[in-house]
1. Please go through (1) open to solvent by 100 Å² or more (accessible area, probe 1.4 Å); (2) out of contact with any strand residue (DSSP E or B) (no Cβ under 9 Å at 6 or more places or on another chain) for Arg47 and return the number of the only condition it doesn't satisfy.
2. Which residues, counting only those in region 23-39, are out of contact with any helix residue (DSSP H, G or I) (no Cβ under 9 Å at 6 or more places or on another chain), surrounded by 13 or more Cβ atoms within 10 Å (Cβ to Cβ) and not polar (S, T, N, Q)?
3. Go through region 27-45 and give me each residue that's closer than 16 Å to Ile102 by Cα, assigned to a loop (DSSP other than H, G, I, E, B) and not hydroxyl-bearing (Ser, Thr, Tyr).
4. Among the numbered criteria (1) at pLDDT below 90; (2) open to solvent by less than 80 Å² (accessible area, probe 1.4 Å); (3) part of a strand (DSSP E or B); (4) in contact with a strand residue (DSSP E or B) (Cβ under 7 Å, 6 or more places away or on another chain), which single criterion is violated by Pro57?
Amino acid sequence: MPATSIEMVNGKNIYAKLTEIIIPVVFSKSIILINVSTSIPVGKIWRYAGRCRQIFPTALGDSFVDEKTLFLGKRNLIFFSDFSSDYTITYLPPSWFYEVSIVIYQYDGLDTNNDLARIESKIDAL
């Protein structure tokens, strides 16, 4: 998703900031994997990829339950709060991103003991 180019100043484009993105998927499991990528300018080192929030619907409206920091170019394995109800997530990119790509997978297997290595090996097998 690219940012809107506002104008050109001294030969460089100025971009509007990317806003928080509501991911249009309902998740039913508390374990997801998020991979964020973007174009990194020459000479820059970017590691931080923004934040992801878990949103739980309540009778009074949506409620932010959990928030996780994401890293750029890494498989971010997220363990959200486990509720019996479905939830959605939002993604807030860093202010310096001018385009972003997000890939999200939900882990659908049984999680009986939170064995992180076992889960990561199953995700790698995908």
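The values are calculated or read from the model by the stated rules, or taken from the named source; none is laboratory data. For clarity, every value in this text was computed on a predicted model and none was experimentally measured. Virtual Cβ from ideal backbone geometry, glycine too; neighbours counted across all protein chains shown. Accessible surface areas use protein heavy atoms only, side chains included; no ligands, DNA or RNA. Shrake-Rupley method; radii C 1.70, N 1.55, O 1.52, S 1.80 Å.
1. (2)
2. Ile23, Phe27, Lys29, Ile32, Ile34, Val36
3. Ile40
4. With (1) at pLDDT below 90; (2) open to solvent by less than 80 Å² (accessible area, probe 1.4 Å); (3) part of a strand (DSSP E or B); (4) in contact with a strand residue (DSSP E or B) (Cβ under 7 Å, 6 or more places away or on another chain) applied to Pro57, the lone miss is (4).
Matching residues to (1) at pLDDT below 75; (2) open to solvent by 30 Å² or more (accessible area, probe 1.4 Å); (3) within 16 Å of the chain's Cα centre (by Cα):
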site: Glu67; (1), (2), (3): no, yes, yes
site: Leu77; (1), (2), (3): no, yes, yes
site: Tyr87; (1), (2), (3): no, no, yes
site: Leu92; (1), (2), (3): no, yes, yes
site: Phe97; (1), (2), (3): no, no, yes
site: Val100; (1), (2), (3): no, no, yes
site: Ile104; (1), (2), (3): no, yes, yes
site: Leu110; (1), (2), (3): yes, yes, no
site: Leu116; (1), (2), (3): yes, yes, no
